[in-house]
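The values are calculated or read from the model by the stated rules, or taken from the named source; none is laboratory data. None of these values were measured; they are calculated from a predicted model. Using ideal geometry, Cβ is built from the backbone for each residue, glycine included, and neighbour counts are taken over all protein chains shown. The accessibility values were calculated without ligands, DNA or RNA, using every heavy atom of the protein model including side chains. Shrake-Rupley method; radii C 1.70, N 1.55, O 1.52, S 1.80 Å.
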Amino acid sequence: MKTVGLISLGCPKNLVDSEVMLGLLEKAGYKIVQNPAEAEILIVNTCGFIEDAKKESVDTILEMSGYKATPTPRGEAKGKCKKLIVTGCLPQRYKSELAKLLPEVDLFIGTGEYHKIVELLCHPEQPKEAKDPVNAIKRMGSFGRRPQDDRELAMQTINTPQYIHNATTPRKIATAKHAVYLKIAEGCFHGCSFCIIPKLRGKFRSRSMDDIAVEAKMLIDNGAKELNLIAQDTTSYGVDLKDGSNLAKLIERINNLKSDFWIRIMYAYPTSITDEFISAVQKLPKVCRYLDIPIQHVSDKILSAMRRKENGNDVRKIVAKLRTKMPDITLRTSLIVGFPGETKKEFMELLSFVREGHFNHLGAFTYSQEEGTYAAKLSGQVPKKVKEERRNAIMEAQAKVARRRNKGLVGKKLKILIEGENAGRITGQAPEIDGITFIEQSKSEAQKIKVGEFSSCVITGIKGYDLKGKLC
Ligand code: SF4
């Protein structure tokens, strides 16, 4: 039985693609191993969104190439890997140019072909020459490597992505089975000027409500206590189906499934949030009063240069409406600082909005000039140092807000999902990104706790971005 190891990088949407590849490989008789040194086939499912992510992907590919059975150009042969496969957004973005930079790789697969992993392992397809090789490498950056123009290009299957898995697709859950991701749609139609994702993930395409409900039930029967709904934009779910499907109806459908579990909604788009959706979150007991709503900025000038559909007032209105309708809702957002043309004035507008304290959780990112995006050609690019100063100022302000909001939870009795011997998450804490709740208890109490089960706790204090609580 051939052994396979897989490293999944980037966002939860990419993780679900990895889980589908693992499910298909396991069904085809491959043995999934955790230790790359034991793998005959190694897969790196990459991210190619921004500079840092691209660098992490290339570093991981090079690290995994060290496990190849045959010595690499750098001479190591630490493992028994016969095939190194690179999938995901990086090959989707750079196609055959990546092959020239990474001769260690045997097969490249795009974001729309990962479901063919088993057949491509047996019958890989011939590579297609890049239209403009030299500049492609310049665009991508050589990561300190000299492209090997003379080398025969590795096999690759990279086309315009159209695929999305369904409930019948084998999927091997890579997260704890009690907290899983449920991908409801793929691709994006927004076209924000800084974002390369529509080019990497293709046109927006939703799964049918029936199909998603079937997978949700399978995940719950498999022990899921938390379904984290993901897409590039969950709030536009169903617009392409033109059959009346939408996110409000979908969460009601999932909410009606038997069993006690949470439904959490990630990646909402401000102007796609409807009153119908808000009242669904209000009335449906299994839907967490939690929303991840990346707003990116609040300045009209910057939002328009970002080609966002909303202006600053729209952002303020939707945040105020959510807080008025559900004062206890937990809001998470993402911001970009240092976007081309952002002067001190626009930045101060953003900083004072953050200081108003609307968000429980917030991530701030420095603008990354990504070739192939409209914004990359804009004038007024902000120096790196200034971008970093602005990000630090935003995070400093948010640290105070988070502390204030967390303090407001002290003394409250809340439902908690047990994640470990002395830790869990409340509805206001999404997996991996929002901090956890440390549980204070005696040894005997600790023995009674079951990971992956719900309990309730009283919040007793805060610890940085995390909380402390006592089970009751
Ligand atoms: S909504 Fe905008 S930022 Fe998000 S994936 Fe689509 S284009 Fe990118």
*Over the stretch 248-309, with every protein chain in place, what whole percent of the accessible area is carbon and sulfur at 1.4 Å, could you tell me?*
51 percent
*Over the stretch 413-471, with every protein chain in place, what whole percent of the accessible area is carbon and sulfur at 1.4 Å, could you tell me?*
53 percent
*asked:* Out of all DSSP beta bridges in the chain, what portion is antiparallel? Express it as a percent rounded to 5.
replied: 30 percent
*With the Cα gyration tensor of the stretch 413-471 giving a ≥ b ≥ c as the square roots of its eigenvalues, does the rule (a/c under 1.5 for rounded; else a/b larger than b/c for prolate; else oblate) give rounded, prolate or oblate?*
prolate
*Interatomic Cα distance distribution for the stretch 351-472, bins of 10 angstrom, percent*: 12, 33, 24, 17, 11, 3, 0
*Can you list the residues of the stretch 296-335 with backbone N under 11 Å from a point 7 Å past the Cα of T271, pointing along Cα to Cβ?*
304, 307-312, 314-315
*Accessible area per residue of the chain at 1.4 Å probe, in Å²?*
43 Å²
_Among S8, L62, Q447, which residue has its Cα furthest toward the positive end of the charge dipole of the chain, with +1 on Lys/Arg Cβ and -1 on Asp/Glu Cβ?_
Q447
*With each run of n ≥ 4 DSSP H residues scored as -39500 (n - 2.57), what mean residue ellipticity at 222 nm is computed for the chain after dividing by its residue count and rounding to the nearest 500 deg cm²/dmol?*
-10000 deg cm²/dmol
*Once amide H atoms are placed 1.01 Å from N in the peptide plane, what residues at a sequence separation of 5 or more from T3, or on another chain, have their amide H within under 5 Å of its amide H?*
K31, E40, I41
*What order do you get for 308-316, 26-34 when each peptide is scored by the mean count of other beta carbon atoms within 10 Å, highest first?*
308-316, 26-34
_Using the Cα centre of the stretch 237-286 as origin and beta-carbon charges of +1 (Lys, Arg) and -1 (Asp, Glu), tell me which of G238, A280, I263 is placed farthest towards the positive end of the dipole._
I263
*asked:* Would the stretch 212-324 count as rounded, prolate or oblate if I go by the C-alpha gyration tensor, calling it rounded below 1.5 in a/c and otherwise prolate when a/b exceeds b/c, oblate otherwise?
replied: prolate
*Dimensionless Rg over Rh [the chain; C-alpha; Kirkwood]*: 0.97
*Other-chain or far-sequence residues with amide H under 5 Å of E419's (modelled H)*: G424, R425, G452
